[in-house]
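Heads up, the thing below is written out as structure tokens.
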Amino acid sequence: MNKIFEIPLYAYARSADQDAATPARHRVVVVGAGPIGLGAAIDLAQQGIEVLVLDDNDKVSFGSRAVCYAKRPLEILDRLGCGKPMVDKGVEWNIGKVFFDERQVYQFDLLPEDGHEFPAFINLQQYYFEEYMVNRVRELQQAGAPIEIRGRNRVLKVEEKGDHAAILVDTPEGQYGLEADWLIACDGATSPIRAMMGLDFVGRVFEDNFLIADVVMEAEFPTERWFWFDPPFNRGQSALLHKQPDGVWRIDLQLGWDIDKEEEKKPENVIPRLKAMLGDEVEFELEWVSIYTFQCRRMETFRKGRVLFAGDAAHQVSPFGARGANSGLQDTDNLVWKLKLILDGTADEALLDSYDFERIHGADENILNSSRSTDFITPKSEISRVLRDAVLDLSEQYEFARPLVNSGRLSVPCTYDGSPLNSADALDGPARSRPGSPCPDLPLGDGYLLPRLGDRFTLLTINAEAPDEIEESGITVTRLALSTADDPTGMLQARYLGDAPSGVYLIRPDQHVAARRPAYDDTQIRAAIRRAIGKEQ
């Protein structure tokens, strides 16, 4: 077993808050030191917001857990100082293959175009992800950033008090109280905080179980995603194979509904299943085994007063499609810049209504795709299975059938169509960069566009004049001036202008487009800034 599981990365230490006469008040408390909680905390700290992270554990997660990370979350993580280490360690891939019985019927490429700094996907065990994030926390602390992480601090009670949240915490040395101006609950799918507050999920639980096995072995499989329908080694079911670093392979096997989960997890039952798949001659050892049930559900609202929910605490999807951690990172990316404006007094609390609108939109999109994948992977009737198998047969030779094959629609970033923060689209430009969309990356000289945008409001001008800086409603917007004449690749024109000769984009701190126009119009851009911070309808 990898020793990283055994090392306390944020060991318990008594804090001054435990000896305080009255509960200490913090600006933001994040509950949960997994990828989503640490992502929120790092983002806050980088922007100078004091943040405390509480977790009832003191080590990284056991087992690979979330393993596939998509391009957009990697771009977010790069802004947080964690993206490059993850890519350096992770296994890059963009090719997926689908098998029916023993034959390959379909292949897809998730990043068919050039000009992106980050790959379509990497595979990386969650314990490495969390380690790199804790390392980033330590770097920020050394630089004087206002961030603290407390291990073995378990939240027992949360009360929403109107202008703050009251928190009761248990430690190895007893209980103590805290207060938080804002609490972000990133405490996972079983979220104790959600239960404490009497909140629940709405959605579907699918009647099927899947075995996850992390297997250490030397294998000649290529670095691709392989998915089987009705393979000879797991008849009537499905299977998935992914490569991870350190010679670890992730294998998912569909088991059916009526099983004894504890029996199925025993090595004497897991190993024969793996031998049937890999062959008796392949030597391997088990690193981690788990069983999961598909759930496609979310909270009705992601906010309860001063308590905000993100990641699996707010929504759940099936693992096929890699929409869990990837979506959670986009939750906090959406939330933190808004919370900063509120804490700074620049925006009203009503701005958080847009967090609900936009990320529930994202969750619903993920749940829809995940539910469709699940229905295709696990047909609920014989006629559904016959139809599914016919699609797989046709996809081997006929291109029209391939979009119907659904082995898990893989994670893509959400476009916030209809968001109250968007201004009406005034540019006849590409659909991919319309208001609400995440900015597509492209090469700029020796670097790329997205790092130039950073985590602030930016006015991106292309072949257009505009002020270098705009002050409006407490927001400073800095201009980034580009010209298609300086872009020999043509990507700037293709991704941001289309047939238009020029364009002006207002870009939010989370790098989503708030507004775009063919030229700078001071009145319209100022109105778009106010709208983007919730001050104008």
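Before moving on, here are some points about what is shown:
- Residues of region 469-484 classified as in a loop (DSSP other than H, G, I, E, B) and closer than 15 Å to Ile529 by Cα, total: 2
- Index of the failed condition, Gly144 passing every other in (1) under 23 Å from Asp331 (Cα atoms); (2) not in a helix (DSSP H, G or I): (1)
- Pairs with Cβ under 7 Å, 6+ apart, first in region 509-537 and at negative phi, second surrounded by fewer than 17 Cβ atoms within 10 Å (Cβ to Cβ) and of a type in the set (Ser, Thr, Tyr): Ile529/Ser473; Arg530/Ser473; Ile533/Thr346; Ile533/Ser473; Lys535/Ser473
For (1) under 27 Å from Gly490 (Cβ atoms); (2) assigned to a loop (DSSP other than H, G, I, E, B); (3) modelled with pLDDT of 95 or more, each residue gets a yes or a no:
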| site | (1), (2), (3) |
| --- | --- |
| Gly418 | no, yes, yes |
| Leu421 | no, yes, yes |
| Asp425 | yes, yes, yes |
| Asp428 | yes, yes, yes |
| Gly436 | yes, yes, yes |
| Arg452 | yes, no, yes |
| Ala466 | yes, yes, yes |
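- Single match in Lys59, Lys89, Lys84 (criterion: at negative phi, of a type outside the set (Phe, Trp, Tyr) and within 17 Å of the chain's Cα centre (by Cα)): Lys84
- Residues that are open to solvent by 10 Å² or more (accessible area, probe 1.4 Å) and farther than 22 Å from Gly115 by Cα within region 476-508 comprise Thr476, Thr478, Arg479, listed in sequence order.
- Of all residue pairs spaced 6 or more apart or on separate chains, those with beta-carbon atoms under 6 Å, a first member in region 371-387 that is within 12 Å of Asn406 (Cβ to Cβ) and a second member that is crowded, with 21+ Cβ neighbours inside 10 Å and among the aromatic types (Phe, Trp, Tyr) are Ser373/Phe320; Thr374/Phe294.
Matching residues to (1) closer than 25 Å to Gln511 by Cβ; (2) among the β-branched types (Val, Ile, Thr); (3) modelled with pLDDT of 95 or more:
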site: Val51; (1), (2), (3): yes, yes, yes
site: Asp78; (1), (2), (3): yes, no, yes
site: Val91; (1), (2), (3): no, yes, no
site: Val98; (1), (2), (3): no, yes, no
site: Tyr106; (1), (2), (3): no, no, no
site: Asp109; (1), (2), (3): yes, no, no
site: Phe129; (1), (2), (3): yes, no, no
site: Gln142; (1), (2), (3): no, no, yes
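- Among residues that are touching a Leu at 6+ places or on another chain (Cβ under 6 Å) and not small (Gly, Ala, Ser), Ile95 is not included.
- The residue that is farthest from the chain's Cα centre (by Cα), among those in region 452-465 that are open to solvent by 20 Å² or more (accessible area, probe 1.4 Å) and at negative phi, is Glu465.
- Restricting Leu278, Leu308, Leu329 to residues that are farther than 19 Å from Ala40 by Cβ and either open to solvent by 30 Å² or more (accessible area, probe 1.4 Å) or in contact (Cβ under 8 Å) with a residue 40 or more places away in the chain (or both) narrows the list to Leu278.
- If only residues of region 311-322 that are modelled with pLDDT under 90 and open to solvent by 10 Å² or more (accessible area, probe 1.4 Å) are counted, the one that is farthest from Thr293 (Cα to Cα) is Ala322.
- Residue match in region 226-236 (condition: under 25 Å from the mean Cα position of the chain (by Cα), open to solvent by 30 Å² or more (accessible area, probe 1.4 Å) and basic (Lys, Arg)): no
- Among residues of region 200-216, those that are assigned to a strand (DSSP E or B) and within 16 Å of His315 (Cα to Cα), counted: 6
- All positions within region 363-396 that are modelled with pLDDT of 90 or more, surrounded by 15 or more Cβ atoms within 10 Å (Cβ to Cβ) and not charged (D, E, K, R): Val391, Leu392, Leu394, Ser395
- Considering only residues in region 180-199 that are part of a helix (DSSP H, G or I) and open to solvent by 30 Å² or more (accessible area, probe 1.4 Å), the one that is nearest to Tyr292 (Cα to Cα) turns out to be Pro192.
- Positions within region 337-360 being open to solvent by less than 20 Å² (accessible area, probe 1.4 Å) and either β-branched (Val, Ile, Thr) or under 20 Å from the mean Cα position of the chain (by Cα) (or both), in sequence order: Trp337, Lys338, Leu339, Leu352, Ser354, Tyr355, Glu358, Arg359
- Verdict on Leu286 being touching a residue at least 12 places away in the same chain (Cβ under 8 Å), farther than 28 Å from Tyr106 by Cα and out of contact with any Phe, Trp or Tyr (no Cβ under 6 Å at 6 or more places or on another chain): yes
- Within region 81-107, the set of residues being in contact (Cβ under 8 Å) with a residue 40 or more places away in the chain and under 16 Å from Gln126 (Cβ atoms) comprises Cys82, Pro85, Met86, Lys89, Gly90, Val91.
- Among (1) touching a Phe, Trp or Tyr at 6+ places or on another chain (Cβ under 6 Å); (2) on the phi > 0 side of the Ramachandran plot, the one test that Gly32 misses: (1)
- Region 149-178 residues that are at pLDDT 95 or above and open to solvent by less than 20 Å² (accessible area, probe 1.4 Å), paired with ones that are of a type in the set (Asp, Glu) and part of a strand (DSSP E or B) (beta carbon under 9 Å, 6 or more apart): Asn153/Asp170; Val155/Asp170; Ala165/Glu159; Ala165/Glu179; Ala165/Asp181; Ile167/Glu159; Ile167/Glu179; Tyr176/Asp170
The values are calculated or read from the model by the stated rules, or taken from the named source; none is laboratory data. Just so it is clear, the model here is predicted, and its values are computed rather than measured. Virtual Cβ from ideal backbone geometry, glycine too; neighbours counted across all protein chains shown. The accessibility values were calculated without ligands, DNA or RNA, using every heavy atom of the protein model including side chains. Shrake-Rupley method; radii C 1.70, N 1.55, O 1.52, S 1.80 Å.
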